[in-house]
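What follows is a single structure, written as structure tokens, with notes after it.
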Amino acid sequence: MELNSVKETEVLIVGAGPCGLALACDLARRGVRALLVEQAPALFPGSRGKGIQPRTREVLDDLGVGDAVRTHGGPAPVGMVWQDGRRQGEHDMFRRAEPTEAEPYGEPWMMPQWRTQEILLARLRELGGDVAFSTALTGLDQDTEGVTAHLTTGPVRASYLVAADGGRSTVRRALAVPMTGETVDPAPMLVADVRVAGDALDRLNWHVVMGDVGFVTLCPLPGTADFQLVAQFKEGEPDTSVEGVRALVAARTHLDADDITEVRWSSDFRPRAALADRFREGRVFLAGDAAHVHSPAGGQGLNTSVQDAYNLGWKLGQVLRHGAPVALLDSYEAERRPVAADMLGLSTRIHRGEQERGAAAQQLGLGYREGPLSAGRAGALVAGDRTPDGPAGDGRRLFDVFRGPHFTLLIVGADTEPPAFDGSSSAAVHVHRTDAYEAYGKGLFLIRPDGYIGWAGEDVSGLGSYLAPLGLGLDRV
């Protein structure tokens, strides 16, 4: 192989789903050269991961697509239960809460997965990146200096590779990383995006039809003319053809086959839960469905995947752009694998009817208190906690202050003189002072780029030693 025939990049991302696209956006805004490849000729066309939890909305807002998500999505419809062709009454499947200063998003947001991907791709292109479609990975080799990926379009040499290529990950299999899991439900499922004629079915409710051979749901997808159809098969196997989907609807709902005017996409699956035994192998990282596979019932898969990317992106940026020790990357698995395990358990319990879609599903309570990058406490918060929103004291919100690829040293209700950061760190850490606020109390809080508190204290003592493993430093305290 000729050396000059090998394309070079800093990070190679395999898979342009929500996880891969989110990571590519995050790296692009950090000035990290990343190549995002996708074996398919276009973005995934289906609505599959349609529920965006409140914590993920905060992430997407920070990535610069909050307005687009707000415009193209909508709140989850209230369920309407049907039996024998008759409405039995409404049943809300979700915990809903009014937005507060600390938690600006109070309920799940519905948007088809294909739209989420379109929005993230548009953002990536704004940032100067793109996706190399019709490009598959066929193998990889790694050494102490980097990874050589063999693609159908030619070899690529990268400092790091991230597998975001789904539950059947080619990368994970090439690394021989096992997944440990279980079948959540032996009954196969069908999922499809369909259009319904005229006023045959209202779009005000998420329609749930109960039956002896399994349930059927029809959920209107905001911002589209489509419904997402999900059907359980306690008997037989799903027929994903157009005629098969229409026959299913006619047999198990009050609608006629002709009421389904279009089947835009369909697939089948068996609900399972599985977790990769490790999220890192040398210079290769597993993220999203390549690392954990969820039952869709809990609405956690896409959300956990996007937050994997959000956690890994800033750490790669610190190592590649700010001289942080490579050991910082060890914290990715240490922080994200326990979260993924917890979310897998939640998804499985929700699927089996053992737990409601309550506050835990919104992921606002997730954090890294026990993680390797959490140190100290102050006021009402402990390092590792999600940082609340609130008034910033200058006409902005705190989330406006945090938005971007930087760290923030937030001084809340304290007279402490801010420390002087060294030359390279001064651009990477923004300092903001605000009045005491109930969600924080008083103290100093170093906010990580992913919106979690890394360090907290009553004064600056101990801050300098905390910063060093992040590639940051102080001139003086």
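The values are calculated or read from the model by the stated rules, or taken from the named source; none is laboratory data. If you're wondering where the values come from, they're calculated on a predicted model, not measured in any experiment. With ideal geometry, Cβ positions are generated from the backbone for all residues, glycine too; neighbour counts draw on all protein chains shown. Remember, those area values only see protein heavy atoms, side chains included, never the ligands or the DNA or RNA. Shrake-Rupley method; radii C 1.70, N 1.55, O 1.52, S 1.80 Å.
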Legend entry - Enumeration of residues in segment 205-216 that are free of Cβ contacts under 8 Å to residues at least 40 places away in the same chain and either closer than 20 Å to PRO108 by Cβ or open to solvent by less than 20 Å² (accessible area, probe 1.4 Å) (or both): GLY214, PHE215, VAL216
Legend entry - Members of segment 133-151 that are open to solvent by 20 Å² or more (accessible area, probe 1.4 Å), under 16 Å from ILE13 (Cβ atoms) and β-branched (Val, Ile, Thr): THR148
Inset, instruction - Find all pairs meeting these conditions: Cβ atoms under 7 angstrom apart; at least six residues apart or on different chains; first residue within segment 258-270 and under 20 Å from ASP199 (Cβ atoms); second residue part of a helix (DSSP H, G or I). - result: ILE260/VAL245; ILE260/ARG246; ILE260/VAL249; VAL263/VAL242; VAL263/VAL245
Inset, instruction - For segment 150-169, state whether one or more residues are touching a residue at least 12 places away in the same chain (Cβ under 8 Å), part of a helix (DSSP H, G or I), touching a helix residue (DSSP H, G or I) at 6+ places or on another chain (Cβ under 6 Å) and on the phi < 0 side of the Ramachandran plot. - result: no
Inset, instruction - For GLU103, indicate whether it is surrounded by fewer than 21 Cβ atoms within 10 Å (Cβ to Cβ) and within 23 Å of the chain's Cα centre (by Cα). - result: yes
Legend entry - Residue check for HIS406: modelled with pLDDT of 95 or more, open to solvent by less than 30 Å² (accessible area, probe 1.4 Å) and on the phi < 0 side of the Ramachandran plot: yes
Legend entry - Every pair of residues 6+ apart whose Cβ atoms lie under 7 Å, when the first sits in segment 313-329 and is crowded, with 17+ Cβ neighbours inside 10 Å while the second is of a type in the set (Val, Ile, Thr) and assigned to a helix (DSSP H, G or I): VAL319/VAL326; LEU328/VAL319; LEU329/VAL319
Inset, instruction - Those residues that are modelled with pLDDT of 95 or more, part of a strand (DSSP E or B) and either open to solvent by 10 Å² or more (accessible area, probe 1.4 Å) or of a type in the set (Ser, Thr, Tyr) (or both), I need them from segment 174-204; list them, please. - result: ARG195, VAL196
Inset, instruction - Kindly indicate whether SER295 is of a type in the set (Ser, Thr, Tyr) and modelled with pLDDT of 95 or more. - result: no
Inset, instruction - Taking PRO469 as meeting all but one of (1) open to solvent by 20 Å² or more (accessible area, probe 1.4 Å); (2) part of a strand (DSSP E or B); (3) at pLDDT 90 or above, write down the number of the exception. - result: (2)
Inset, instruction - Would you point out which residue out of SER461, SER424 is in a loop (DSSP other than H, G, I, E, B) and more than 29 Å from the chain's Cα centre (by Cα)? - result: SER461
Inset, instruction - Assess whether LEU444 counts as being under 27 Å from the mean Cα position of the chain (by Cα), assigned to a strand (DSSP E or B), surrounded by 16 or more Cβ atoms within 10 Å (Cβ to Cβ) and not polar (S, T, N, Q). - result: no
Inset, instruction - Please specify each residue of segment 206-221 satisfying the condition of being under 26 Å from the mean Cα position of the chain (by Cα) and farther than 16 Å from ARG264 by Cα. - result: TRP206, THR217
Inset, instruction - Go through ASP130, ASP165 for me and flag whichever is crowded, with 19+ Cβ neighbours inside 10 Å, over 30 Å from ALA380 (Cα atoms) and of a type in the set (D, E, K, R). - result: ASP165
